[in-house]
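Okay, structure first, notes after.
Nothing in this text is a laboratory measurement; each read-out follows from the coordinates by a stated rule. Here the structure is a predicted model, which is why all the values come from computation and not from measurement. Cβ sites come from the backbone with ideal geometry, for glycine too, and all protein chains shown count toward neighbours.
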Amino acid sequence: MSKINKTFENILTSLPLESVGMIQLNRPKVLNALDTQTLHEIVLALEEYENAGIRVVILTGNDKAFAAGADIKAMVEAKVSDQINDLRERIWKRFNGISIPIIAAVNGFCLGGGNELAMACDFIIAGDSARFGQPEINIATTPGAGGTQRLTRALGKSRASYYCLTGEMFSAAEAYEWGLVAKIVPARTLIQEAKVTAKKIAAKAPLSTRLIKEGITASFNSTLEDGLKLERRNFYLTFALEDQKEGMNAFLEKREPNYKGE
Ligand code: CAA
């Protein structure tokens, strides 16, 4: 794949490394606020990458903001009926169905729908000056795309309630300490670090990365018993793959594996 076959207005797409796609939110004047079109473009780009065999995607913003939330200007006059019929629900469903790993690389503000977008990725790498929060309460609304759900699972009830109810922000160091963020790096090296991590994952056996993503996603939606069952079946499934033989033989023969995705 040399380049993506669609043109977008609110995002930039690139292929910084072999098998690695990048999506950069590009509405700097509004701190990358997420309107429906932007969310739709993100999903279209992800689907295009997925169909083209891209193995890992880095989703990022700019130095000032990953995204400062849903677009307040686009929402201010919305009615309940606009929101209930909203295309956004279907777009989020498509985002959640993407099978390849998505790394959120976060610098600057990561707020409201922006934090929800980052949390919907597989993991977050944050620059040390990033700021997180669910400030919807400050504009008399509530989180609408996972803030009360995913933040609670990451931070626990007490902290999630504190931050959703006060609308205060928390730091990258706190986000890391509390398990929301996988890794914290100097802000200026964020993209470089995200690329190193993406390259590492892109070199793994493709079907194993998908099965692991499926298992971890299922842990949010199932009982422990059902999740363990799915995980065990996926584990068995890898023994039908050539890559499993290659990975284990490469280890025993002390050489690098050569994966085929089969
Ligand atoms: N939507 C639309 N525009 C936004 C925006 C948003 N979420 N966040 C910032 N902007 C715009 C500002 O209106 C401003 O535009 P103008 O230059 O035309 O005035 C521009 O971006 C720069 O913002 P500020 O001047 O406010 O920048 P700052 O550095 O002083 O403050 C900030 C930064 C603290 C992040 C502040 O912009 C802010 O509080 N933004 C709103 C955050 C928020 O409430 N997010 C939640 C939205 S609701 C939501 O997300 C619902 C959901 O769960 C689905």
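Out of residues 5 or more away from V106 or on other chains, whose amide H comes under 5 Å of its own, with H placed 1.01 Å from N in the peptide plane?
I125, A126, G127
How do E253, E231 line up, fewest other C-beta atoms within 10 Å first?
Going from least to most buried by this count: E253, E231.
Restricting things to Cα coordinates, could you compute the convex hull volume per residue of the chain in Å³? Walk me through the numbers on the way to the answer.
Working: hull volume 37.3 nm³, N = 262.
Convex hull of Cα atoms, per residue: 142 Å³.
Tabulate in residue order the Karplus-calculated ³J(HN,Hα) for segment 238-249, using 6.51 cos²θ - 1.76 cosθ + 1.60 with θ = phi - 60°, rounded to whole Hz; enter x for Gly and Pro.
4, 6, 8, 9, 5, 4, 5, 5, 4, x, 6, 5
Label points 7 Å out from Cα along the Cβ direction at T141 and V196: separation in nm?
My value for the distance between the label points is 3.9 nm.
Whole Å is fine, so just give me how far the alpha carbon centre of segment 231-262 lies from that of segment 1-78.
33
Give me the base-10 log of I(q)/I(0) for segment 23-64 at each q in 0.18, 0.23 Å⁻¹, Debye formula, one uniform scatterer per Cα, rounded to two decimals.
-0.54, -0.79
Determine ³J(HN,Hα), in whole Hz, for all residues of segment 206-222 in sequence, where each value follows from phi through the Karplus function 6.51 cos²θ - 1.76 cosθ + 1.60 and θ = phi - 60°; x replaces Gly and Pro.
Once θ is set to phi - 60°, the couplings for segment 206-222 become x, 6, 5, 5, 5, 5, 5, 4, 4, x, 5, 4, 5, 5, 7, 10, 9 Hz.
Looking at segment 1-84 from every direction and averaging, what is the projected area of its Cα convex hull in nm²?
In nm², the orientation-averaged hull projection of segment 1-84 is 6.2.
Give me the one-decimal Kirkwood hydrodynamic radius in Å for segment 173-221, with the sum taken over alpha-carbon pairs. Show your work: numbers first, answer last.
Details: mean 1/r = 0.0782 Å⁻¹.
The answer is 12.8 Å.
Loop-only GluC sites (Glu not before Pro) in segment 1-67, please: DSSP not H, G, I, E or B, and at most 10 other Cβ atoms within 10 Å. Kindly include the intermediate steps, with their values, before the conclusion.
Working: sites: E9, E18, E41, E47, E48, E50; in loops: E9, E18.
Sparse-neighbourhood loop GluC sites (Glu not before Pro): E9.
Helix 36-51 against the longest principal axis of the chain: what's the angle in degrees, Cα atoms only, rounded to the nearest 10?
Roughly 0 degrees between the two axes.
Using Stokes-Einstein with the Kirkwood hydrodynamic radius over Cα pairs, what translational diffusion coefficient do you get for segment 101-223 at 10 °C and a viscosity of 1.306 mPa s, in µm²/s rounded to a whole number?
On the way: Rh = 15.0 Å.
Estimated diffusion coefficient is 106 µm²/s.
Out of the DSSP beta bridges found with both residues in segment 1-147, what percent are antiparallel (nearest 5)?
Details: 5 of 24 bridges.
Taking every DSSP beta bridge with both residues in segment 1-147, the antiparallel ones total about 20 percent.
Please figure out what share of the DSSP beta bridges in the chain is antiparallel and state it in percent, rounded to the nearest 5. Walk me through the numbers before you get to the answer.
Numbers: 8 of 30 bridges.
Once the DSSP bridges in the chain are tallied, antiparallel ones form about 25 percent.
Can you pull the one-decimal nm distance between simple spin-label points at N96 and E225, each 7 Å off the Cα toward Cβ?
Label at N96, label at E225, 2.3 nm between them.
Just how large is the dipole of segment 204-262 about the Cα centre, in debye to the nearest 20, putting +1 at every Lys and Arg Cβ and -1 at every Asp and Glu Cβ? Before the final figure, lay out each step's value.
Numbers: 10 positive and 10 negative charges, 13 e Å.
That gives segment 204-262 a dipole magnitude of about 60 debye.
When the Karplus curve 6.51 cos²θ - 1.76 cosθ + 1.60 is applied with θ = phi - 60°, which whole-Hz ³J(HN,Hα) does each residue of segment 184-198 get, with x for Gly and Pro?
With coefficients 6.51, -1.76 and 1.60, one gets 10, 9, x, 3, 6, 9, 3, 5, 4, 5, 5, 5, 4, 5, 4 Hz.
Summing -39500 (n - 2.57) over the DSSP H runs of n ≥ 4 in the chain and dividing by its residue number, what mean residue ellipticity at 222 nm do you reach, to the nearest 500 deg cm²/dmol? Working shown, then result.
Details: 12 runs with 123 residues, N = 262.
The helix-only estimate for the chain comes to -14000 deg cm²/dmol at 222 nm.
Mind listing the long-range amide H neighbours of V20? Cut-off is under 5 Å, sequence gap 5 or more, other chains count too, H placed in the peptide plane at 1.01 Å from N.
Sorted by chain and number, the residues that satisfy this are R55.
May I ask for log10 I(q)/I(0) of segment 115-161 at q = 0.23 Å⁻¹, from a Debye sum over the Cα atoms as equal point scatterers with solvent left out?
Log-scaled intensity ratios, in q order: -0.91.
May I ask you to list the trypsin sites (Lys or Arg not before Pro) in segment 38-79 that are in a DSSP loop and have at most 13 other Cβ atoms within 10 Å of their Cβ? Present the calculation step by step, with values, prior to reporting the outcome.
Numbers: sites: R55, K64, K73, K79; in loops: R55, K64, K79.
Passing both the DSSP loop test and the Cβ count: K64, K79.
Treat every Asp and Glu Cβ in segment 13-170 as -1 and every Lys and Arg Cβ as +1, leave all other atoms uncharged, and give the resulting dipole magnitude about the Cα centre to the nearest 20 debye. Write down the numbers at each step before the final one.
On the way: 15 positive and 17 negative charges, 74 e Å.
Once rounded to the nearest 20, the dipole reads 360 debye.
Debye sum, Cα scatterers, segment 69-135, no solvent: what log₁₀ I/I(0) at q = 0.14, 0.17 1/Å?
Debye intensities relative to I(0), on a log10 scale: -0.51, -0.72.
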